[in-house]
1. Of all residues in region 95-111 being closer than 15 Å to Gln66 by Cα and of a type outside the set (Gly, Ala, Ser), which is surrounded by the most Cβ atoms within 10 Å (Cβ to Cβ)?
2. Quick check: anything in region 118-137 charged (D, E, K, R) and either free of Cβ contacts under 8 Å to residues at least 24 places away in the same chain or touching a His at 6+ places or on another chain (Cβ under 8 Å) (or both)?
3. What number goes with the only condition from (1) at pLDDT below 95; (2) in contact with a Lys or Arg (Cβ under 7 Å, 6 or more places away or on another chain); (3) assigned to a helix (DSSP H, G or I) that Ser144 does not pass?
4. Can you tell me how many residues within region 236-281 are out of contact with any Leu (no Cβ under 9 Å at 6 or more places or on another chain), farther than 24 Å from Phe220 by Cβ and charged (D, E, K, R)?
5. Need the failing condition index for Ser192 against (1) closer than 12 Å to Gly163 by Cβ; (2) among the polar types (S, T, N, Q); (3) surrounded by 15 or more Cβ atoms within 10 Å (Cβ to Cβ), just the number.
6. Quick one: Glu205 ticks every box in (1) surrounded by 16 or more Cβ atoms within 10 Å (Cβ to Cβ); (2) within 27 Å of the chain's Cα centre (by Cα) bar one, so which box is it?
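The values are calculated or read from the model by the stated rules, or taken from the named source; none is laboratory data. Since the model is a prediction, treat every value here as computed from it, not as a measurement. Don't worry about glycine lacking a Cβ; one is built from the backbone with ideal geometry, like all the others, and counts go over all protein chains shown.
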Amino acid sequence: MNRTKQKPNQRGDPCDRHYRKSVLPQISKEYISYLRAHGKRENEVKQRKKYVDQFLKDLYTGGLTQMRDLNGKRIYEIIENKEISFWFSVSIRAFLKYLYLYSYTADDYTDTIPVHPTHKTVPSVYTPDEMQRFLASIDRTKPSGVRDYALILLIRTYALRAGDVAKLKIDDIDFIHKKIRIITEKTGNSISFSLTEEVEKAITEYIYSARPKKKDKHLFLNKNYPHRPMSNSRIYHIVSGYFKSADINIEGKRHGPHSIRASRATELLDLGASVSEVSAFLTHTTSISTMKYLQVSKEHLMKCSVPVPEIKVQPLNGLLGGNDNA
């Protein structure tokens, strides 16, 4: 009995083919280019693209072929039986605002998408004594320990994000004038800190005794060949690992780089720094972001002080730490 092997259908969904021939995918591409041009990080761009593309496909399936025909009724038909997630709300509200601002639509339909309520949690922080014990737990007899100590001390001293440390270059450190420059991954600002003696010593020890001999402009490299620059996730795992092994109670608390940053911010507030001063130190674009640290109890943070480095913030338009390549 002859059996003819059927070839799989290579044409795909006819509706999907027709959608790709419409103008809607081009609008999505233009919007994604807009997000990248305005400094959105790639992982966030991909997240937003997923929701925008599905939103446009749903509109097309409902009969929309030109964006000028968009109206509240069409949007409601899409969302009436949909569970509105945080990222759907954020992504589509921003997209609808973009469509209005750039004259794709005659009206602003942003508010047709409900604002997703966010549960604001109190940051996890540790006392100065706990942070000292955390740093002391790092085995600096090993090359990886020398690197990790310098890396974590930077986060601790300057309240840096993991991405700021990952993107740090050797040339950003001015040993002559005792300055260290950070191009923040999130805001693109250039922040000049005074290089404290402790930080300088830790970085110098790492460069001359533990850093792989590789011509790479990034300061911190992975210890294993081919010694690529450290990623945000790798830094998180390193910090989290030390938290778990140190003599610190982390039960019910976050224990990554952001907890070190939050601990530093809370400590500075408790030592008398103003919200605006700490906001500038953290490179927050608004003091509102800093207010959450005021929720943390001050009682256990008054025992110890760490010198606050001098900072000078200089906006660098269009320059993003996340765009540097190795």
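1. Here the answer is Leu96.
2. no
3. (1)
4. Result for region 236-281: 3.
5. Result: Ser192 fails condition (1) only.
6. (2)
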